[in-house]
Structures are given as C-alpha cells and as structure tokens.
C-alpha cells in the first residue's frame, strides 16, 4: 500500500479544511465580542492603528492560543460526518487497519504542530509588540515604567544597584556598581544619575570611582562618563506580557541571562518557553482523542461527539491554566507544569484509541 494514497489526501484535505473553517468561524465571533468590549478604545484610536496594529496582530495570536481547541473541533466534526456517512466503515472493510487510518490524521496534526510552533516562536512575538503597545496606549496601560530599590548581578562578581529608575526618561538615580574578586571588594562606582542609551550603553553623571588597591585607594571623579554595563531596563522592569514579545531564541537567552544574575521573577518567561513546545504535542494528543471518539456511529449522532469534544478541549485548556499556576507558586517547575496536561491526556488518548481500534 502506498504511504500517501488517495484516502490520505482525502482525510488531510477534510481535516485541514475543517480546521481553517473552525478558526475563521470562531475568530469572526471573537472579533464581535472584542469590538464590543473595547469599543471606547477603538473610537479613540485612529482606524489604521486599530486595523494594522491591533486586529492584524490579534487574530493570529488568538488563533494560535486556542489551536488545540480548533484541532479538536475539526477532528470531531469531520470524522463524525465520515462515520455518519459510513465512509470509515467502508475504509476499514476494505482491509485498512485502524492504525493505518490514523496516519493521515497524524500527518495533518504534524502540519498544525509545525505551523503552531513557527507562529508562536518567530512570527507572533514581533507582532505582539505592536498589539500590546496599542492596548497600553488606548485600552489599559500595563507597561512598567518605574522601579525602586533595584539590585542585580550584571556580570560575575559585579553587583549593580539603583534606588529608583524612571523609564520615561531612561534615567536611574543613586546608582552604584560594585566589583568583587574572590569575595573581596575591588572597586565601587557611584553616581547621582545613570542614563540608558541603547543596548548596554549607559552614561553616568556626577560619578566617583574608588579602586581598592592592595595598600592604597585610588579615587577618580567627574561630571560625565560613557560606559558599558551588561544590563538594560528590560532586565529589571518586567511587565505582565513581556514574555509574549520574545521569539524563542530571545526567550531562552533572556531566561539564561536572568538566572545567571539571580533574578527570581522570570516564571512567566519559563512557562511561555515550555508552553510553546507543549502546545505542539497537544495537536497530536487531541487528534488521537478526537478520532477515537468520533470514528464510530453513536445514537446521539454528531451533536453528542461535538459536545464531548468541546468539554474535553476546554478541559485541556483549563487544566493547562491551572497547572501553570503551580509553576508560578513554586509547587512545580515550569516544564512539569506545562507537560502534566499532556501526560494526563496522553493516557486518555491511549485508552480511547485501544477501545476504538478493538471495537
């Protein structure tokens, strides 16, 4: 038997076609609710910003967030139709095994999983910058522009401190940078203000540098000094949605850098990183569950299958939300929290698949 035959093409076309149709249908409903909820903001904002900065970026973000739901609905819907039309019975009667029937489903799930990862890892994060900037400007400002008593390790043996930082003018106040060698203080830079330029470029003003030599102390002072210090405002001004603005390489690099600096408030970034992989695996798991549930004719017909599918898919999304709170509270690691739902639903998938293939 050919690896990729007419039946495979037929099922893949049905699967992906229904998946796209489900996305379009639910997005249309979502747009109406979103317009109603944010009507005041959309009236204030210029039309071009509303369309190109918000909606063009909101739609792929929302579609990808609920990709498991759309996948499940698509599988349940078109497989139930195939079962009601006795098409699946005909396929199995022709000698095709249940395992062989699963192949085009998994190929379709692979397309969805790859698309979902590429979107979440590389395409949606840059788009989220514009979307979140729009909501901060016209809906509700969640940007963090101020910080107090900021202390972090900017490099091995270097500790920076600011009593206050104001991101509106890129300025920190009462700054100090202490350098240690073998736990011994070697130098201390203090400044009344420090101003951020770009990347790691900072300018200190009204500064004093004290170098602690073996038998003496060297003091240097001045009005202004341009210097490189390996930290930037996003390392300590962390807003609620900042993790959604980073591509996966940026996210991994940021997490690694923050861990080296001893920053503890990065759970949302770690959860986002693990979630992008877990959501890809969910495409396969929910596809198997949906196919196993709807491949047989039932008395309740398609409506019953769709009802069960909606309950299970929403349960998966709710389960993932609950377990992510475990990671935030420190009960589990972000990786464990994001993969618990997949583990539980994998068991459900195996049980349902065996039951369906045996019947």
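Values quoted throughout were computed directly from the atomic coordinates according to the rules given, and no laboratory measurement underlies them. Everything quoted here is computed from the prediction, not taken from an experiment. Methodologically, a virtual Cβ is constructed for each residue, glycine included, from the backbone with ideal geometry; neighbour enumeration extends over all protein chains shown.
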With Cα atoms, 0 to 90° folded angle of helix 334-358 axis to the chain main axis
10 degrees
Taking the mean number of other Cβ atoms within 10 Å as a proxy for protection, how do you rank 167-174, 92-99 from highest to lowest?
167-174, 92-99
Using the C-alpha gyration tensor of segment 273-359, what are the square roots of 5 times its eigenvalues, in whole angstrom, with the largest one first?
28, 13, 10
Round to a whole angstrom and tell me the spacing of the C-alpha centers of segment 144-198 and segment 29-106.
48 Å
In degrees between 0 and 90, to the nearest 10, how far off the longest principal axis of the chain does helix 56-65 point, with axes built from Cα atoms?
70 degrees
Restricting things to alpha carbons, find the Rg to Rh ratio for segment 159-310 using the Kirkwood radius for Rh.
1.31
As a Kirkwood estimate from alpha-carbon pairs, segment 41-86 has a hydrodynamic radius in angstrom of 13.1 Å
Give me Rg over Rh for segment 146-237, both radii from the alpha carbons and Rh done the Kirkwood way, two decimal places.
0.97
What percent do you get for the relative contact order of the chain when only Cα pairs under 8 Å and 6+ apart count?
19 percent
If you stretched the chain out fully between residue 10 and residue 137, how much longer would it get, using 0.36 nm times the residue separation minus the C-alpha to C-alpha distance?
41.0 nm
Using only Cα atoms, tell me the angle between helix 267-294 and the longest principal axis of the chain; keep it within 0 to 90° and round to the nearest 10.
0 degrees
Kirkwood hydrodynamic radius of segment 1-150, from inverse mean 1/r over distinct Cα pairs, in Å:
18.2 Å
Which order do the peptides 201-211, 136-146 come out in when sorted by mean C-beta neighbours inside 10 angstrom, highest first?
201-211, 136-146
Enter the mean projected area of the convex hull around the alpha-carbon atoms of the chain, in nm², rounded to one decimal.
23.7 nm²
P(r) for segment 71-227: what percent of alpha-carbon pairs falls in each 10 Å bin, starting at zero?
8, 21, 17, 13, 11, 10, 10, 7, 2, 0
Between residue 146 and residue 111, what FRET efficiency follows from the Cβ-Cβ distance if R0 is 45 Å, with the result rounded to 0.05?
0.50
What does DSSP give for the chain in terms of the percent of beta bridges that are antiparallel, rounded to the nearest 5?
100 percent
Using Cα-Cα distances under 8 Å and only pairs 6 or more residues apart, what relative contact order does segment 146-237 have, in percent?
21 percent
Taking a crude spin-label model, label points 7 Å out from Cα along the C-beta direction, the residue 164 to residue 336 distance in nm is 4.2 nm
Which order do the peptides 278-287, 9-18 take when ranked by the mean count of other beta-carbon atoms within 10 Å per residue, highest first?
278-287, 9-18
How much length is gained if the chain between residue 234 and residue 317 is pulled fully straight, taking 0.36 nm per residue apart and subtracting their Cα-Cα distance, in nm to one decimal?
26.9 nm
